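Chemist: Got a structure for you, written out below as structure tokens; questions coming shortly.
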Amino acid sequence: MTANDELILDLLTAREFISHQQADEVKAYVDEKNVDVTQALSNLEIMPENQVLMMVASEYGMDTFDLTDYKIPSEVVKEIPAAVARRYKVVPLTRNDEMLVVGMADPTDLETLDSLRHILSLDIEPAVVSRKQIMEALDYHYGDAETSVESFLDEMTEGAVSSFDTTTADAFLDDGESSGDEDAPIIRLVSLIILEAFKNRSSDIHLEPLEKRFRVRYRIDGVLREVESPPRYLQNNILSRVKIMSRMDISEHRIPQDGRIQINTMGRELDLRVSDIPTTHGESIVMRILDKTSMLLGIAELGFLSDDQETINRIIAMPDGLFLVTGPTGSGKTTSLYAFLNTINEPTTKIITVEDPVEYELPGINQVHVNPNIGMTFAASLRAMMRQAPNIIMVGEIRDMETGNIAINAALTGHLVFSTLHTNDAPSAVTRLIDMGVKPFLVASAVKAIMAQRLVRRICKSCAEEVEPDPVHMRALRLPEDFFAGKQLLKGKGCGECNNGYRGRWGIFEIFMIDNATQDLIYEGVSSSRIREHARSSGMRTLREDGLRKVANGMTSLEEIVRVTASDEADIEY
């Protein structure tokens, strides 16, 4: 046991956090397992690591720092070279003038502090961070010696890449038992492409063969951005590697294929849903990154303002009825539905979902995966689910009359049913169901509420600054000059923590409650425009209006509202 470990144990016993008997038990464990005292206390379930760190930090007059929701700015990361950070197991946190705040797991290691001050020629202020978070931060921000796709491509030459041998494809599967060369250039390159996409908070990776080049693009906060792309001669090797990882048929190049990749990186479980289609110049592959932690959201985190949040809470507390969420692909419908289910998921409630595919696994909820190839369609799954006596049902999407009828009958027989439709606004969902063949009187009786949504980029808090409304955007939205009088509009100027002034996305919402007058209109078979007029007169707020409220609250920018609601009618009352 080191002198520092003994010092920590002495402090804990002196302050009566642990007994002398427990201290002896920890000493024996440290010597036997060759771990530090903090790990020993945690492994023996005597004292959690965070409590130990807080106590020791307090003793030395240091602060504790939690990296869970904190991203270290890129300019701060550069303050400590990778070799130094890994050698001393420290991470830079913030920089103020000539002071660098450094996270370290052992606050008693004064020798490391002296070494850092000498190497960096800076005044170092230590903060205590858990050992696990430091190791994850080192992997995330520094990685191995070659974690950049750009730097890796600079070192690759055409002669360094051998033709991908499809006869030994099984040797390259990521099953933990690969007998292939894990340092093979193509394997490492594909891994770096995926890792960089995740580190940049991308939702999709696009691998696109063009006439004269091979293009790689990441979708970040809903906007595609081209990144350093591999040379054209690597195209087939890269596509073959991705198809092998997703367990597709690599000998088939004529028909579309779907696959899935499951990986663990930086302490996170990621699923990549892979789509492959043949194009003029080769196979185009899109990998959608499904980060399981992104589904653990509450309703407030989706971007609802307080009044809309109260409305949603009333809807999901209903005992029965059909609640539809509408919008185009990629508008966040599934994320919203999962947030609603997480909110009402209790041991006293049985919830079953039927999805194509099951994108995220929700604890405590029964999820059914649609497989039309064996007859497991939405309709067949729904019929079977009804015999499971559920309280709440979630249907991934209503695509046809049969599925619509079963979902509506479930809503009329005492079940609360959630589902999605592809329509541009909320009122159009009514006529869409009727166009599918569902009887109007069933739609009027079963549907309780409809919500349309879109996603807008949220302004980065780190670089937000006050701006005046752009006259071009005001004219595009047909707003009077004094529309934002007395309001503080913000816009991100761009920094190391964001993407051109934006970081993450919010939803904008259009919530349509079905009242008695609406039911009468549905019975009469009126057009969606008539239903929309009634909804507006009854107080429904449009997508654009909700977006403008969020502009006024500093949550997003006017530019985003113009981009996302360009096709909407400017039927705003002012």
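Chemist: Normalise the Debye intensity by I(0) for region 494-568, one equal point scatterer per Cα, no solvent, then take log10 at q = 0.14, 0.17, 0.23, 0.28 Å⁻¹ and round to two decimals.
Modeler: Normalising to I(0) and taking log10 leaves -0.58, -0.73, -1.03, -1.26.
Chemist: I'd like the carbon and sulfur percentage of the solvent accessible area for the chain, probe radius 1.4 Å, heavy atoms only, ligands and nucleic acids excluded.
Modeler: Carbon with sulfur: 46 percent of the solvent-accessible area.
Chemist: With a cut-off of 16 Å, note down the residues of region 118-135 whose backbone N falls inside the zone around a label point 7 Å from the Cα of Arg87 toward its beta carbon.
Modeler: 118-122
Chemist: Which GluC sites (Glu not before Pro) in region 186-233 pass both tests, a DSSP loop state and at most 15 other beta-carbon atoms within 10 Å?
Modeler: Answer in residue order: Glu211, Glu228.
Chemist: Quick one: accessible surface of Lys487, probe radius 1.4 Å, all protein chains present, in square angstrom to the nearest 10.
Modeler: Ignoring ligands and nucleic acids, Lys487 comes out at about 120 Å².
Chemist: If you don't mind, there's one more thing I want to ask. Under a 1.4 angstrom probe, counting protein chains only, how are Ile374, Ile315 ranked by accessible area, largest first?
Modeler: The ordering from most to least exposed comes out as Ile374, Ile315.
Chemist: Sticking with this structure for a sec: Taking R0 as 22 Å, what's the FRET efficiency between Glu533 and Glu310 from their Cβ-Cβ distance, rounded to 0.05?
Modeler: For R0 = 22 Å, the calculated efficiency reads 0.30.
Chemist: Keeping all protein chains in place, calculate the accessible area per residue for region 202-284 (probe 1.4 angstrom), answer in Å².
Modeler: Averaged over the residues of region 202-284, the accessible area is 48 Å².
Chemist: What net charge is computed for the residues neighbouring Thr279, neighbours being all others with C-beta under 13 Å from the C-beta of Thr279, Lys and Arg scored +1, Asp and Glu -1?
Modeler: -2
Chemist: Something else about it: Considering only protein heavy atoms, with the full assembly of protein chains and a 1.4 angstrom probe, order Lys333, Lys439 by accessible area, largest first.
Modeler: Lys439, Lys333
Chemist: Measuring from label point to label point, each 7 Å out along Cα→Cβ, what is the Asp24 to Phe441 span in nm?
Modeler: 8.4 nm
Chemist: In addition: How much net charge surrounds Leu9 when only other residues with a Cβ under 12 Å from its Cβ are counted (Lys, Arg +1; Asp, Glu -1)?
Modeler: It works out to a net charge of -4.
Chemist: Let me check something: with ligands and nucleic acids excluded, how do Arg314, Arg454, Arg213 order by accessible area (1.4 Å probe), largest to smallest?
Modeler: Sorted by accessible area, descending: Arg314, Arg213, Arg454.
Chemist: Continuing with the same structure: Which of the GluC sites (Glu not before Pro) found in region 1-77 are in a DSSP loop and have at most 15 neighbouring Cβ atoms, other than their own, within 10 Å?
Modeler: In loop regions of region 1-77 (DSSP not H, G, I, E or B), the sparsely surrounded GluC sites (Glu not before Pro) are Glu16, Glu45.
Chemist: Here's something else I'd like to know. I want the antiparallel fraction of DSSP beta bridges within the chain, as a percent rounded to 5.
Modeler: Antiparallel bridges: around 65 percent, rounded to the nearest 5.
Chemist: Taking only Cα atoms, what is the 0 to 90° angle, nearest 10, from helix 20-33's long axis to the longest principal axis of the chain?
Modeler: So the inclination is approximately 90 degrees.
Chemist: Within region 383-406, name every residue whose backbone N is under 13 Å away from a label modeled 7 Å from Cα of Asn366 along the Cβ vector.
Modeler: Flagged as within label range: 383-394.
Chemist: Which residues' amide hydrogens lie under 5 Å from the amide hydrogen of Val447, considering only partners 5 or more residues apart or on another chain, with H built in the peptide plane?
Modeler: Leu322
Chemist: With every protein chain present, what is the per residue accessible area of region 363-463 (1.4 Å probe, Å²)?
Modeler: The answer is 40 Å² per residue.
Chemist: Now a separate question. Please turn the phi angles of region 252-261 into ³J(HN,Hα) values with the Karplus equation 6.51 cos²θ - 1.76 cosθ + 1.60 (θ = phi - 60°), one per residue in order, whole Hz, x for glycine and proline.
Modeler: So the J values, rounded to whole Hz, are 9, 10, 9, 10, x, 9, 10, x, 8, 10.
Chemist: What's the angle, to the nearest 10 degrees (0 to 90), between helix 528-537's Cα axis and the longest principal axis of the chain?
Modeler: So the helix axis and the longest Cα principal axis differ by about 70 degrees.
Chemist: Calculate the spin-label point distance for Ala14 paired with Glu228, positioning each point 7 Å from the Cα along the beta-carbon direction, and give it in nanometres.
Modeler: A separation of 5.1 nm, rounded to one decimal place.
Chemist: Go ahead and estimate [θ] at 222 nm for the chain from helices alone: -39,500 (n - 2.57) per DSSP H run with n ≥ 4, summed, over the residue count, rounded to 500.
Modeler: Taking each H run of at least 4 residues, the total per residue is -10500 deg cm²/dmol.
Chemist: Region 419-498: which GluC sites (Glu not before Pro) are DSSP loop and have at most 13 other beta-carbon atoms within 10 angstrom?
Modeler: Hits after loop and neighbour filter: Glu481.
Chemist: Turning to a different aspect of this structure: Grab the beta carbon distance between His253 and Thr329, set R0 = 25 Å, and tell me the FRET efficiency rounded to 0.05.
Modeler: 0.45
The values are calculated or read from the model by the stated rules, or taken from the named source; none is laboratory data. Here the structure is a predicted model, which means the values were calculated and not measured. Because the Cβ atoms are built from the backbone with ideal geometry, glycine has one as well, and the counts that use them run over all protein chains shown. We work out accessible area using only protein heavy atoms, side chains counted, and drop any ligands, DNA or RNA first. Shrake-Rupley method; radii C 1.70, N 1.55, O 1.52, S 1.80 Å.
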